[in-house]
Structures are given as structure tokens and as C-alpha cells.
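Asker: Have a look at the structure that comes next, please.
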Amino acid sequence: MLQAESRRVRGALIAKLRDILPRQFVLTETEQLRPYECDGLTAYRQLPWIVVLPSNSEEVEKILALCTARGVPVVARGAGTGLSGGALPHPHGVLLSMTRFDRILSVDRANRTACVQPGVRNIAISEEVEGMGLYYAPDPSSQIACSIGGNVAENSGGVHCLKYGLTVHNILKLEVVLMSGESVTIGADALDMPGYDLLALMTGSEGMLGVVTEVTVRLLPKPAVARVILAAFDDLAVAGNAVAAIIGAGIIPAGLEMMDNPAILAVEDFVHAGYPRDAAALLLCELDGTESEVEAGIREVTRILELQGATEIRVATDEAERQRFWSGRKNAFPAVGRISPDYYCIDGTIPKKRLGEVLTGISKLSNEYDLRVANVFHAGDGNLHPLILYDGSQAGAFERTEALGGKILELCIAVGGTITGEHGVGVEKLNQMCIQFEMPELDQFHAIKKAFDPAALLNPGKAVPTLSRCAEFNAMHVHKGRLPFPELPRF
Amino acid sequence: MTSSDISVELISTVADAFERGTALEIQGGGTKQFYGRRPAGSLLRVKGHQGIVNYEPTELVVSVRSGTRLSELQQILAEAQQMLGFEAPAFGADATVGGMVACGFSGPARPYRGAVRDAVLGVKIINGRGQQLRFGGEVIKNVAGYDASRLMVGAMGTLGVVLQVSFKVLPAPEVTMTRTFEMSELLALEQMNIWAGRPLPLSACAFYADRLSVRLCGSGDAVLAAGREIGGDEERDAITWWASLREQGLPFFSQEEPLWRLSVPPATGPMNLPGDCLIDWGGAQRWLFCEHSADALRQVVRDAGGHATLFRGGNRDSEIFEPLQSVQWRLQRELKRAFDPRSILNPGRMVEGW
Ligand SMILES: Cc1cc2nc3c(=O)[nH]c(=O)nc-3n(C[C@H](O)[C@H](O)[C@H](O)COP(=O)(O)OP(=O)(O)OC[C@H]3O[C@@H](n4cnc5c(N)ncnc54)[C@H](O)[C@@H]3O)c2cc1C
């Protein structure tokens, strides 16, 4: 768009938006727009054209209908903690901030559900229903900040998802506004719905299919008891075997997390969780259930860990110690943030049995690219978070980091895994999508998108690469192994 | 166990049907032919596409070809003390994995261990263009691309021919115990939902003819403690009873009238509808033999926040499934087009006209 033309279109749109929303909820000045220029993946930035802050679905309907009529792209944004650039603004688009949708609308104790607006923070739901002995199970590490709408869009998981499932397993119903401005209910208060499972399709769709304006979540009874075991190993592969042995014994822990030595050191220096500094790997295994069940489980897991060659085993004796054990894992990201000017979080999933091989591969790549990597790992479900440490102020450092990240993801694909377990594709992993999927599959994704958003105005350019981009990438990739001009956005 | 890969043949048949625009009726074991609207088209038999492709108990994942018999899969899992959590009904010894996924039926454990869709991790399908596509995968967490895998569950084969499915499996429980109680429907519905809000190892709750049956599964300690907590009488021979409930083999299921499946919020009180009713899924699924007009029945169920399916009997040329509302109808229609543009896969099986 030419600049003069662009200014004119923008001005006219702002006037129309102000017919829909009170003046203070249509942001247009650069300093007002700045906070919205990136999400948790701060390496990608783009100032939005306009930011709007609606507070009810009628407003969202009108905004989307207006943008559709004018062919203007829209990007929804929750709390902006996403790690793949899913909420990255469009340069000529409206950024739809959902933060004013911040009310818990109702709690149905008998049916064990809560109906909330999408801007409600994940943890606020569990806090609201705590007195009823209930909680909302998916608990991303970002739960004090991230919104339930963002969780739906990313199908977020947490430490407890091996046993209690991801977002998709814990929601029942959504109110959604389509790009056309029409509202539609997806799912039901019952356990299933007629027709195709659009609830599953919407979950993890990265804000590409519709804007979520209401979410009904399933609440679970809080387990009577939860206890955690900490185990140290002098070899990562041995720790990996221990994970397989626990699951092979028919135990599904409420949480099963692993860290490697660089992560242990970073965490120890930061929160002093009492982790053994010399361990090559640290495993945290939480069991929950009734008192006697957990007792029996702790005995069994301890036996397995000994058998598998743990060098040290500690069982948290009280709630304070349990919290301390977990504090290290939960603070792993900020801890790594302290020892390096910048870090980049990768999010691949692998079959657990390939862990040793993948970690060896990562360590080789780390040497090759001359960048340190600390690994934290949702071990129970094979979701690996290598944290690449770099210094963004050094020329070329980010590009090298991104290239290393890409290589790690390719390694995940090669062992039968996937390029994203919970953070989504966003703008970040478009190239790796070209490797994970064949052209007809990507084509099918585009056809799905078209069923919901025929003009491709909602969050355009994210999550699914265009076929031409992949054709180009694959051609380059095969010959040179690296994408030229990685800094150029290719929408 | 038998293993044979006939995907090449299946793909070429579908591609050919796409070229000509001729309809295909996908058939697994043919055990669920009673379900859904009346099928049309020439038969595409998937049964020959058999075999467990990958099973690694410690990964909690099994990948299996769609023509594999459900009973065979269950046996292999049982040998490793594992199971499909959703307790799928087979409705016959020939039932296949593909038919199970296409129909999406889950058994009594559904509210406590999740439905078929909750266990699906990935699929290989043939879409209506005759293209082989792979979605999801063999890992528990995967958000790359839209979740087209779970979309296949309950789609009755109208979006694609399912070639292969990867499931998350669960360890089989150490101990199972059933307790029964004499009580009214009203009290039973309240009681089931109070227990479901407590940390008890529930795995099924059903009610019929003033009798509430509660199944507890888990470690020996947990089940014993829970049994003491909830009381009631221990039912010794319950395994066959739960299996008959799942397979609709209880005498209740041999009535003459059309059989309706009502899916409602679990704590919904007794439904104000004529006919004989059995409650499963802790209140969330109700089986009703009823001659009532479909419209009137559906209205009552909708008012309760649920929907009704004509499961068996009645007029199969009518709308068997809850009619979709306007925007919802259009979305689903567009989605069908996205997967099957010439409407050759099981046309009309779910919705009239497509
Ligand atoms: C320190 C840290 C730890 C993290 N730990 C985890 C973790 O353990 N597990 C995990 O899964 N993730 C984790 N994340 C990632 C992130 O928190 C999740 O992806 C979260 O769900 C994003 O929520 P949000 O509200 O911040 O969404 P945003 O970042 O604002 O948006 C994310 C995507 O959702 C879309 N979206 C937002 N709201 C709506 C809506 N109402 N309707 C439609 N689309 C919408 C956006 O368009 C965008 O595509 C972590 C992030 C950080 C910074």
C-alpha cells in the first residue's frame, strides 16, 4: 500500500472503530502501540497499525465485520506471553487485545465447570474454585500471566498434562466470533456435541479460525495428597531410562520433569532449591492421589529409581520442601535468563526412548554453532525445551541461534517427533512446517482455514506456511541446508 | 497377528472415485451399519488394511492400521497391562479400529478417562481427493498444524478414509471394584455428581431401575479406601455387567421403540420425557426408548443444554443427528468441502445432502 493511501484508509478505519468503541479503547499513537509490538518471542517485532480493546462479543462482532468489509487483517492477542510470535501484529492490521474480557462469568459446582471470558488468567480459575476442592488442571509455567483464550489458541500444556491432559482435554465449550462477524457456539455443556469436533479443531488453531470470546472449562477434584521425589543421575541417558521404567511399571506420575547440568546450575544459583550441583541430570517425579496410594507409589518409584542407578534420591517430607523442589523447575526460564544476556526457548517433542540420542545430537550442534544450551524437559510426555544462550547485541548471534534452533527441531522430526509440543508455530517455525508436512497436507490446512476465514484476514501468514514458501525453502534447504536472508519476513 | 497394507489400493480407488465423482461407502467390520443415516455408494472395504504398526508400552503410544480388529488391539494392549482408556464398545466381534474412530463411541469410563478423541494422537487418512495425508503423530504433545486428527473422530468417514491411528494408551488398573446402592433417580444423579467432585478413583457410574452402580478402579489401596468412603454393597460379578452395558447387551436394550442417546450436562435432573431410561456416564449420557416426536424430544434435551441422537430404529432417512444451527451448519459444510470437495465419502451418512 502506498503511504498516502495507507494513511487515508487507516484514518477512515479509526473513525469507524470509534463508532463501535469508546475513544480510549482505540489506540493509535505510537507510544500507545509500542507495548503490543511483540509477544514473548521478542526477537520479532512489528508495530501494529491500530490497537482495539473491546470488552464484549457484540463489539468483537462489529469490529470483525468492519474489518472484513474493508479487507483489513486482524490479530487477536491475549496476555502476549506466547513464544512463537502468534500474536505478532500485522503492519496494516488491527490488533484485537482481549485483556478487558477479564471476568469469571459463572461456576457450576454440580457439573464441575466454569464459564470464563478469554482474558482471564489461567491461574485465576483455580484460585476462584479452590474453596470447592476443585481446580483447572492445565498449568503452563506462565500460568500467573497467560490468558485462557491464549491457552485455547495454543493448546497449552503444563507440568501436569501427562496425567490430566492438555487444554483440549479440559475445555467443553467456546463462544467464537468468526472473521465474518458472526458468532457461533462450539462444543456444549454436555460431554460431546453434534457434528464434527470443531472444539478440537479450534484448540491449538493459533487464533487463525476465530476469536474466542467465552470459554467453558472442566474442573477436576483436587487430589487429596501430592508428593514429589527428586532424583539425581550422573548420566542423562540413564535418567531417560528411569523415565521409561517408571511409565513401564504402570505409573502415571502427576508430573515428571528433567533438567540437565547447565539448567541445574542456573537454577541453583537463582533459587537455591537444594539441587545437587554435580548431577548430569535431575528428575522430579510427583505422585498424587489418596494418602495410601501416594505412599505406595513413592515406595515403588524409589525402588525403580534405585534400580535404574540414581545417585541420589530425596522425597520431599512436607509441603514447604515440595514447593522448594518445584521452585527450581518452575523458575528455569528466568534462571537461565540471569546467566545469559538472551536466551531462546525451543519446543520440540520426541519419543522418550530417543532422548539420549537427541541430547547427544543437541550437544554436538551446540559445539558446532558455538552456543551454550541448557535443557529442561517435560520428560513424561517427551516435550523438550532446549534453551539456547546467546547475546543479542553481538552481530549475527540471533541468526546463528535461530539456525541452531531450526537444526534442533529438524532433529526432533528425524527421530519421529514434532517441531512444537506446546508453543505453536506462529511466525517462528514456518520453515520447519515445510519439513514436517508434505505439500498436500499443508494444502489441506489451507482448505480448513478457508472454511472458517475465506478471505484469510484473521492472523494471516501465521502457523501454516504458503506452498510457495515451502517450495522455495525446500529447494534451498536441500542444496545449502540454510535459508538465505532469514531476517526477511515472508508472509 | 495379521498384517497387511492395502493403502495403495485404497488410495487408487478413492482417487478414481474422485475423478468420476462417484460415491463410496466406507466399511470396516460392518458392525455399526445400524448407526447414522442410511449409507449410499459402492463399498470400500478397509478391513484388509490390518496390523499394529508400532507399539512401545513405555511411550504410552500404539499405532494401528484401521482395518485391525478392535478385539485384537485390546488383546495386545492387555498383554502389556495397558488399555484404551475410553472403553470403546465393539458392537460385534468384527468391529475395527477405523469404525470405532469414525463412530467415536466411548464406553462407561468416558467421563473419567476421556473419550476416543481424547486418546487420538495422530492419523493417516485418504481425503476425498484421493490424497494420503498424515496429521498429528506418535507423541503425546504436538501442536504443529490444525488438529485434523481428532476431527476424524465421530465424522463417520465423511471427511476421510482412516488408514492408521495412533492412540495414547493407559496402564490397566490394578484393581476394580463395583458398589451398588438402592436409590431414586433424583438422589442417584445428585450422588454421582457429588462423588465426581471428590478425589475418588471413579471409572463408571450408571443408574437403572432404582439401582446405582459405581465402579472404582486404581491401585488396591485407593480402591479399598474409596469403597469404604462411599459405602453401598459390593457387587461381585460386575465385570460382565459393565461389558453388557457397554455393548448394549443388557435386557434394557432389547426394547421395541426407537433408541435415543441423550448427551446432557451430567448433573441434569431426571428428564421430563416418556419412556424407559438408563443413565450412564455419571449422568452425562442417557439412553431412552421413546416413541415421542423427534422435535419435541430434542427441544427438551436442548433446554437442558444437551443434544439427542436417534441411535437405533426409527426413521433412518430423517435427521438422525441433532440438526445444526445456521452458522454451525455452514462451517461444517465448508469443512466437508475442504476434505471431500466432490462429496464422495459416505455422502449423506451424517447430514442430508452431504
Ligand atoms: C516464561 C514462560 C513460560 C511458559 N511456559 C509454558 C508452558 O509451560 N506451557 C505452555 O504450553 N506454554 C508456555 N508458555 C507459552 C505461553 O504462555 C502460552 O502459549 C500461552 O497459552 C499464551 O497465552 P497468552 O494469553 O499470552 O496468548 P498470546 O501470546 O497473547 O497469544 C497467543 C496466540 O493466541 C491467539 N489468541 C489469544 N487470545 C485469543 C482469543 N481470545 N481468541 C483467539 N485467539 C487468541 C493469538 O492470536 C496468538 O496466536 C510460556 C511462556 C513464557 C513466557
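The values are calculated or read from the model by the stated rules, or taken from the named source; none is laboratory data. These numbers were taken from a predicted model, which means no experiment stands behind them. Reconstructed Cβ throughout: ideal geometry from the backbone, glycine too, with neighbour counts over all protein chains shown. Just so you know, the surface numbers come from the protein's heavy atoms only, side chains and all, with ligands and any DNA or RNA stripped out. Shrake-Rupley method; radii C 1.70, N 1.55, O 1.52, S 1.80 Å.
Asker: On average, how much accessible surface per residue is there in the protein assembly as shown, in Å², for a 1.4 Å probe, leaving out ligands, DNA and RNA?
Answerer: Solvent-accessible surface per residue comes out at 37 Å².
Asker: Angle check, please: helix A:261-271 long axis (alpha carbons) against the longest principal axis of chain A (alpha carbons), in degrees 0 to 90, nearest 10.
Answerer: Once rounded, the angle reads 80 degrees.
Asker: Take the Cα of residue A:69, step 7 Å along the line toward its Cβ, and report every residue of the stretch A:17-55 whose backbone nitrogen sits under 16 Å from that point.
Answerer: Only A:17-21 fall inside the zone, counting backbone N under 16 Å.
Asker: Rounded to the nearest 0.05, what FRET efficiency do residue A:466 and residue B:233 give with R0 = 56 Å and r taken as the Cβ-Cβ distance? Could you check?
Answerer: 0.30
Asker: Tell me the mean residue ellipticity at 222 nm calculated for chain B from its helices only (DSSP H runs of n ≥ 4, each -39500 (n - 2.57), averaged over every residue, nearest 500).
Answerer: Computed mean residue ellipticity for chain B: -8000 deg cm²/dmol.
Asker: Also, quick follow-up: Going 7 Å from the Cα of residue B:180 toward and past its Cβ, which residues in the stretch B:253-271 have a backbone nitrogen under 14 Å from where you end up?
Answerer: So the set is empty, nothing qualifies.
Asker: Compute the signed sum of charges (Lys and Arg +1, Asp and Glu -1) over the other residues within less than 14 Å, Cβ to Cβ, of residue A:394.
Answerer: -3
Asker: How many percent of the accessible area of the protein assembly as shown is carbon or sulfur, using a 1.4 Å probe?
Answerer: So the carbon and sulfur contribution to the accessible surface is 50 percent.
Asker: On to the next question. How much space per residue, in cubic angstrom, does the convex hull of the C-alpha atoms of the stretch A:250-308 take up?
Answerer: Output value, Cα hull per residue: 101 Å³.
Asker: If you don't mind, there's one more thing I want to ask. Equivalent ellipsoid semi-axes for the stretch B:175-246, as square roots of 5 times the alpha carbon gyration tensor eigenvalues: give them largest first, rounded to whole Å.
Answerer: Here the semi-axes work out to 18, 15, 10 Å.
Asker: Further question: Give me the dipole magnitude in Debye, nearest 20, for the stretch A:1-47 about the Cα centre, with unit charges on the beta carbon: positive for Lys and Arg, negative for Asp and Glu.
Answerer: For this selection, approximately 200 debye.
Asker: Provide Rg over Rh for chain B; use the alpha carbon set for both Rg and the Kirkwood Rh (inverse mean inverse pair distance).
Answerer: 0.97
Asker: Restricting things to Cα coordinates, could you compute the convex hull volume per residue of the protein assembly as shown in Å³?
Answerer: It comes to 159 Å³ per residue, whole-number rounded.
Asker: Mean shadow of the stretch A:341-480, computed from the convex hull of its alpha carbons, in nm²?
Answerer: Hull-based average projected area comes out at 9.6 nm².
Asker: How big is the dipole moment of the stretch A:1-150 about its Cα centre under a simple scheme where the beta carbon of each Lys and Arg is +1, that of each Asp and Glu is -1, and everything else is neutral? Debye, nearest 20, please.
Answerer: 540
Asker: Would you mind pulling out the separation of the Cα centroids of the stretch A:23-40 and the stretch A:154-230, in Å?
Answerer: Cα centroid of the stretch A:23-40 versus Cα centroid of the stretch A:154-230: 29 Å apart.
Asker: Please give the solvent-accessible surface of residue A:134 in Å², to the nearest 10, using a probe radius of 1.4 Å with every protein chain present.
Answerer: 0
Asker: Local charge sum around residue B:181 (other residues, Cβ-Cβ under 9 Å, Lys/Arg +1, Asp/Glu -1)?
Answerer: 0
Asker: Another one. Using a 10 Å Cβ count of at most 12 others and DSSP loop calls, identify the longest part of chain A lacking such GluC sites (Glu not before Pro).
Answerer: The segment A:30-486 is the longest one with no such site.
Asker: Here is a further query. Quote the total accessible area buried by chains A and B together, excluding ligands, DNA and RNA, probe 1.4 Å, nearest 100 Å².
Answerer: 6200
Asker: At 222 nm, what value in deg cm²/dmol follows for chain A if DSSP H runs of at least 4 each add -39500 (n - 2.57) and the sum is divided by all its residues, to the nearest 500?
Answerer: Taken over chain A, the calculation gives -11500 deg cm²/dmol.
Asker: Could you state the angle between the C-alpha long axis of helix A:355-369 and the longest principal axis of the C-alpha atoms of chain A, as a value from 0 to 90 degrees rounded to the nearest 10?
Answerer: So the helix axis and the longest Cα principal axis differ by about 60 degrees.
Asker: Dipole size in debye (nearest 20) for the protein assembly as shown around its Cα centre, Lys and Arg Cβ +1, Asp and Glu Cβ -1?
Answerer: Magnitude of the dipole: close to 2040 debye.
Asker: When only alpha-carbon atoms count, how far does the stretch B:7-171 stretch along each of its three principal axes, as whole angstroms with the largest first?
Answerer: 47, 35, 26
Asker: So which GluC sites (Glu not before Pro) in the stretch B:189-256 are both in a DSSP loop and have at most 11 other Cβ atoms within 10 Å of their Cβ?
Answerer: Qualifying residues, ordered by number: B:256.
Asker: How about the stretch B:90-194: which chymotrypsin sites (Phe, Trp or Tyr not before Pro) there lie in a loop by DSSP and see at most 15 other Cβ atoms within 10 Å?
Answerer: none
Asker: Measure nothing but the geometry: give the 0 to 90° angle between the long axis through the Cα atoms of A:319-330 and the longest principal axis through the Cα atoms of chain A, rounded to 10°.
Answerer: Computed tilt is about 60 degrees.
Asker: Okay, moving on. Just check chain A against the gyration tensor rule for me: Cα atoms, a ≥ b ≥ c as the square roots of the eigenvalues, rounded for a/c under 1.5, and otherwise prolate or oblate depending on whether a/b exceeds b/c.
Answerer: oblate
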